[in-house]
Amino acid sequence: MKSHRTDFSTGNVYRNICEVAVPMIFAQLLNLLYNVVDRIYIGRIPGTGTTALTGVGLCFPIITLVSAFTYLYGNGGSPLCAMEYGRGDTTEAENYMGNSFTLLVGTGLFLTVLGLLIYKPVLYLFGASDITFPFAEEYIRIYLLGTVFVMVSVGMNPFINCQGFGSMGMLTILIGAVLNIILDPLFIFVFHLGVSGAAIATILSQFCSALWVFRFLTGPKAVLQLKRNTLRLKAARVRKILGLGVSGFFMAFTNSLVQVACNATLQIYGGDLYVGVMTVLNSVRDICTMPVQGFTNGASPVMSFNYGEGAYHKVRKAIGFITAACVTYTMLMWGLLKLFPAFFIRIFNDNPQLVKTGIPALHIYFFGFCFMALQFTGQSIFVALGKSRYATFFSLLRKAIIVVPLTILLPRVAGLGTDGVFWAEPISNLLGGCACFITMLLTVLPELRQKN
């Protein structure tokens, strides 16, 4: 594939965003396939598919926690790298990239050891039963061995995108996703490895993606290169990376916290069936939100570069563009989910009882889905412009302060039971999304006008 590079300093800002964001959307959808393809095949294992899918769903909080650290270092370092690149300081831009790489690898090794030591009590804490635990254990023991590969492939890919190589960033994910699609049925059904086969296919695919990222960033085509002399950590840089990346970390970490609260509460009020329904709903949500996440992540390096360059009018145009695009898309998806709920559920499992139970739960869970776009848009703007305190606060607000308490309290209100768990999500989208977006309008736009 030709390594086309978008020059953020020239041309129309809408075109620049699309040239990076469109491959990023495709890449995010492909990245989703790592776990979604596993769930699709696992849900169709003869005899044990539904139970196995529920067991693997219990691993999501651990997988999400690993992803949280990729956001901490990757989404924290790449905007800083892009801003320094926009100012013309390529040396400091490379230093941010090298320090982020060291943090990703070191944390990946630590999480691998820690996860293998404590996964059993953690899975039971997350809502596992004696029936579902063997499947969860079978998957997570193998998945944890590929933690470093996940950290490098997901955490370092933003540094390819922030240089304008959107197609190369997409190829990173494409390599792993295609391999995963091919290897999953081979290991699960041909070699009869079941859940273990899905985990093996995933970590082999992630290894190939990580190898591609490393080779590109150390190769001659990269404008900013990963060099040995940039790997040594410097306290001031680490503080800035953590300060900006902590919002993405908390967003992912609180997602993990929400999953734990949902699974544990549903286990009390509905049992394994409702934990399985939540696993499917989380999978559907991932499919629906990935394009928004890909678009905002693609727009982020363009805004960071233009902000560092002082082209504030371009940043304002970018804000309006991504807001309109994200709200329009989520309105469309809400309509499709309302019209065809069974179709989305059957992607992962066609058990009649699960489908029957899942349809009313899906209607509740995705009610007012368009308000989630406001959270993603406001959050990405705060991160792209280095507004770490705002980004961190609103990461915590929607999930930790709103969703988790509602998940625990609503089932006890007016006999809502399991429906109360599903209502927590749309309420948080409305309150958290509007608060984040309105704050962005009242703080960022006046600043950009004044600087311009």
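The values are calculated or read from the model by the stated rules, or taken from the named source; none is laboratory data. All values derive from a computational prediction rather than experimental measurement. Note: ideal-geometry Cβ built from the backbone for every residue, glycine included; neighbour counts use all protein chains shown. Just the protein is used for accessible areas: all its heavy atoms, side chains included, with ligands, DNA and RNA removed. Shrake-Rupley method; radii C 1.70, N 1.55, O 1.52, S 1.80 Å.
On inspection, residue 389 fails the criterion of being basic (Lys, Arg) and more than 26 Å from residue 76 (Cα to Cα). Taking the listed residues 256, 283, the one that is small (Gly, Ala, Ser) and touching a Pro at 6+ places or on another chain (Cβ under 9 Å) is 256, with no other qualifying. Residue-level check: of (1) touching a residue at least 12 places away in the same chain (Cβ under 8 Å); (2) of a type in the set (Lys, Arg); (3) open to solvent by 60 Å² or more (accessible area, probe 1.4 Å), residue 237 misses just (3). Could you grab me the full set of residues in the stretch 91-112 that are under 12 Å from residue 159 (Cα atoms) and among the hydroxyl-bearing types (Ser, Thr, Tyr)? Hits for the stretch 91-112 are 96, 100. In the stretch 242-253, the residues that are within 9 Å of residue 391 (Cα to Cα) reach residues that are among the β-branched types (Val, Ile, Thr) and open to solvent by less than 30 Å² (accessible area, probe 1.4 Å) with C-beta atoms within less than 7 angstrom, at least six apart or across chains, in these pairs: 244/383; 246/392; 247/383; 247/392; 248/383. Does residue 102 count as over 24 Å from residue 189 (Cβ atoms) and surrounded by fewer than 23 Cβ atoms within 10 Å (Cβ to Cβ)? Yes: the conditions hold for residue 102. When the stretch 1-39 is filtered for residues that are in a helix (DSSP H, G or I), open to solvent by less than 60 Å² (accessible area, probe 1.4 Å) and at pLDDT 75 or above, the ones remaining, listed by number, are 13, 16, 17, 18, 20, 21, 23, 25. Residue 204 fulfils the conditions (1) modelled with pLDDT of 90 or more; (2) open to solvent by less than 50 Å² (accessible area, probe 1.4 Å) except for a single criterion, (2). Please find, within the stretch 281-314, the residue that is most open to solvent (accessible area, probe 1.4 Å) out of those that are of a type in the set (Val, Ile, Thr) and closer than 30 Å to residue 426 by Cα. Among residues in the stretch 281-314 that are of a type in the set (Val, Ile, Thr) and closer than 30 Å to residue 426 by Cα, the one most open to solvent (accessible area, probe 1.4 Å) is 287.
Considering 104, 114, 80, the condition of being touching a Gly at 6+ places or on another chain (Cβ under 8 Å), modelled with pLDDT of 95 or more and part of a helix (DSSP H, G or I) is satisfied by 104 alone. Per the conditions (1) open to solvent by 10 Å² or more (accessible area, probe 1.4 Å); (2) modelled with pLDDT of 90 or more; (3) under 30 Å from residue 272 (Cα atoms); (4) not aromatic (Phe, Trp, Tyr), the sole criterion not satisfied by residue 136 is (1).
For the stretch 184-200, check the following and say yes or no: at least one residue is of a type in the set (D, E, K, R) and open to solvent by 10 Å² or more (accessible area, probe 1.4 Å). The answer is no, given that none of the residues of the stretch 184-200 is of a type in the set (D, E, K, R) and open to solvent by 10 Å² or more (accessible area, probe 1.4 Å).
Criterion applied to 430, 406, 396 was being open to solvent by less than 50 Å² (accessible area, probe 1.4 Å) and not hydroxyl-bearing (Ser, Thr, Tyr), and the one residue passing it is 406. For residue 225, state whether it is buried (at least 24 other Cβ atoms within 10 Å of the Cβ) and not in a helix (DSSP H, G or I). Spelling it out, it is not the case that residue 225 is buried (at least 24 other Cβ atoms within 10 Å of the Cβ) and not in a helix (DSSP H, G or I). Does residue 65 satisfy the criteria of being under 30 Å from residue 308 (Cα atoms) and either modelled with pLDDT of 85 or more or open to solvent by 50 Å² or more (accessible area, probe 1.4 Å) (or both)? Here the answer is no, as residue 65 does not meet what is asked. Identify the residue in the stretch 120-133 that is part of a helix (DSSP H, G or I) and within 18 Å of residue 64 (Cα to Cα) and, among all such residues, is least open to solvent (accessible area, probe 1.4 Å). Checking each candidate, the answer is 123.
Of all residues in the stretch 328-350, those being closer than 15 Å to residue 373 by Cβ and surrounded by 18 or more Cβ atoms within 10 Å (Cβ to Cβ) number 5.
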